[in-house]
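Undergrad: Let me give you the structure first, and then I'll get to my questions.
The values are calculated or read from the model by the stated rules, or taken from the named source; none is laboratory data. Because the structure is predicted, anything quoted here is derived from the model rather than measured. We place every Cβ from the backbone using ideal geometry, glycine too, and count neighbours over all the protein chains shown. The area values use the complete protein model at the heavy-atom level, side chains included, leaving out ligands, DNA and RNA. Shrake-Rupley method; radii C 1.70, N 1.55, O 1.52, S 1.80 Å.
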Amino acid sequence: ICLDLIGTWHRAYRRCRCEQGAQSPVEGDDQRIDLDLAEFTRQAETFSANYKGKLADRLGQAIADYAELEMLGAKIMVFLFLQQSLDVTNERVKAKVADARKTMSQIQGEYLTFFELELVALDDAVLDADVEEGPDHVRDLGGLARERARLRSRLADTAQRGPPLPRLPRLPAR
């Protein structure tokens, strides 16, 4: 199963690699990964502009657009994770994973954090009204309710404990 997954994800990026004679799978795929990261950034900026402060009025479409963003982000990170799992010693792959994580984290913080905060703050009547208008928009209301409960709990814990402590770097093994 793992090799099938690797093959499937790798074919998604193979377009750039074929002509470049890359030594490592990531070497020829940098351009495609970078294009996907740029597209992720563009979609996140558009998402923020379209829905920030307007979530109650446009919840169904916001959920659909957020799902598209999540799929694109998963495509990028799963591909890189699978490449890293093939050769855990490849420094180029490790650097690309770290760079992609950093970029996606910055994008999440700048353009997408509002979604979780506004989703938690929404009145239950908004969710009920959205379901009444079009059940196609909210495919998994139970999942959305669980996610809101999880976010509320996480926000309450953070408020009680304060912000999390920064992670300390790992020391090299001796």
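Undergrad: Consider residue 49 carefully, then state whether it is modelled with pLDDT of 95 or more, open to solvent by 60 Å² or more (accessible area, probe 1.4 Å) and closer than 22 Å to residue 122 by Cα.
TA: Yes, satisfied.
Residues are listed down the side, and each one gets a yes or a no for (1) modelled with pLDDT of 75 or more; (2) assigned to a loop (DSSP other than H, G, I, E, B); (3) out of contact with any strand residue (DSSP E or B) (no Cβ under 7 Å at 6 or more places or on another chain):
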{"residue": "89", "(1), (2), (3)": "yes, yes, yes"}
{"residue": "94", "(1), (2), (3)": "yes, no, yes"}
{"residue": "97", "(1), (2), (3)": "yes, no, yes"}
{"residue": "108", "(1), (2), (3)": "yes, no, yes"}
{"residue": "118", "(1), (2), (3)": "yes, no, yes"}
{"residue": "126", "(1), (2), (3)": "no, no, yes"}
{"residue": "131", "(1), (2), (3)": "no, no, yes"}
{"residue": "138", "(1), (2), (3)": "no, yes, yes"}
{"residue": "146", "(1), (2), (3)": "no, no, yes"}
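Undergrad: Surrounded by fewer than 16 Cβ atoms within 10 Å (Cβ to Cβ), closer than 27 Å to residue 150 by Cβ and among the polar types (S, T, N, Q), is that true of residue 89?
TA: No: the conditions fail for residue 89.
Undergrad: Another question, if that's okay. Can you work out which of the residues in the stretch 92-131 that are surrounded by 17 or more Cβ atoms within 10 Å (Cβ to Cβ) and charged (D, E, K, R) is farthest from residue 67 (Cα to Cα)?
TA: Filtering the stretch 92-131 for residues that are surrounded by 17 or more Cβ atoms within 10 Å (Cβ to Cβ) and charged (D, E, K, R), the one farthest from residue 67 (Cα to Cα) comes out as 96.
Undergrad: Now for a separate question. Among what's in the stretch 58-84 and is touching a helix residue (DSSP H, G or I) at 6+ places or on another chain (Cβ under 9 Å) and free of Cβ contacts under 8 Å to residues at least 40 places away in the same chain, pick the residue that is surrounded by the fewest Cβ atoms within 10 Å (Cβ to Cβ).
TA: Within the stretch 58-84, the match that is surrounded by the fewest Cβ atoms within 10 Å (Cβ to Cβ) is 68.
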